[in-house]
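Take a look at the structure set out below.
The values are calculated or read from the model by the stated rules, or taken from the named source; none is laboratory data. Bear in mind the structure is a predicted one, so any value in this text is a computation, not a measurement. Cβ atoms come from the backbone with ideal geometry, glycine included; neighbour counts cover every protein chain shown.
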């Protein structure tokens, strides 16, 4: 059994950076060391763990199975130690200068960003935001390494190693142009299924299951239009007879500027719960804590 006093903790910092960067030259630059010094540290790590840990390939230094296994606990341990020795650190949003990266869908950008950007301009002018799509295949790793601070949306893949907090739940509705024939009268199941349909796939966001549920309830195939994202929906439906199933908050955000309307959905669709997620490595990070509290203050709704 390996004991903590058998391993130089600085070697674990080298491991963390190598796992993230995959290049000895980059690790050397970040640590202010020479490349031979980093190579020597890797040699000591390999001896300590009796494993290659990183293999040189055309795509850089790729981790072995053991490296993948120990990466998360090592990162968490180092983060805990760093927090402990900086326990007096605080975060003052009014004076702080920091870039936060938030993973969210295009719906999230439409709904969250106007309010969030407006608030930051007034209360935290030194805080800058960067967004990326939450369906990114390596989202888990990006959040483990701190490249992404927060993820917001329907993200069933973020389980082990992540905290989450509910912001709100919403229903799906039928979005259409304001003078659409279905905008008047009772929107029955039969009228809905007979209409021209557009479906948004939104892969990796949790919304992709909606098409399957509607097909099970009689939606004819193929539908008239399939889209990968929600953001183009208002531009398309305002000039067509298409009806699109969308989350209610997107419908409310787009009805007035695009001259649209929405109706209660006649099919039985599940409510969609929107959560914010963060990796446990950054649970105690003062800046991350502030951002999570801000998101909750601005957007959380009663259950």
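In the set 182, 167, 219, which member is within 19 Å of residue 273 (Cα to Cα) and either surrounded by 15 or more Cβ atoms within 10 Å (Cβ to Cβ) or under 30 Å from the mean Cα position of the chain (by Cα) (or both)?
The conditions single out 167.
Within the stretch 252-296, how many residues turn out to be without any contact (Cβ under 8 Å) to a residue 40 or more places away in the chain and within 19 Å of the chain's Cα centre (by Cα)?
The qualifying residues number 1.
Could you please find all residues in the stretch 129-187 being in a loop (DSSP other than H, G, I, E, B), touching a strand residue (DSSP E or B) at 6+ places or on another chain (Cβ under 9 Å) and closer than 20 Å to residue 252 by Cα?
Listed by number, the residues that qualify are 154, 171, 178, 179, 180, 187.
Within the stretch 234-248, is there a residue that is out of contact with any strand residue (DSSP E or B) (no Cβ under 7 Å at 6 or more places or on another chain), buried (at least 16 other Cβ atoms within 10 Å of the Cβ) and at pLDDT 90 or above?
yes
Listed here are the residues, each with its yes/no results for (1) assigned to a helix (DSSP H, G or I); (2) surrounded by 20 or more Cβ atoms within 10 Å (Cβ to Cβ); (3) at pLDDT below 95.
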residue: 268; (1), (2), (3): no, no, no
residue: 273; (1), (2), (3): no, no, yes
residue: 277; (1), (2), (3): no, yes, no
residue: 281; (1), (2), (3): yes, yes, yes
residue: 287; (1), (2), (3): yes, no, yes
residue: 292; (1), (2), (3): yes, yes, no
residue: 296; (1), (2), (3): yes, no, no
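With respect to residue 200, is the statement that it is in contact with a helix residue (DSSP H, G or I) (Cβ under 8 Å, 6 or more places away or on another chain), free of Cβ contacts under 8 Å to residues at least 60 places away in the same chain, buried (at least 21 other Cβ atoms within 10 Å of the Cβ) and over 20 Å from residue 262 (Cβ atoms) true?
No, not satisfied.
For the stretch 77-95, indicate whether the set of residues that are under 22 Å from the mean Cα position of the chain (by Cα), free of Cβ contacts under 8 Å to residues at least 40 places away in the same chain and closer than 25 Å to residue 139 by Cβ is non-empty.
No.
Do we find a residue being in a loop (DSSP other than H, G, I, E, B), touching a helix residue (DSSP H, G or I) at 6+ places or on another chain (Cβ under 7 Å) and without any contact (Cβ under 8 Å) to a residue 60 or more places away in the chain anywhere in the stretch 234-249?
The answer is no; no qualifying residue exists.
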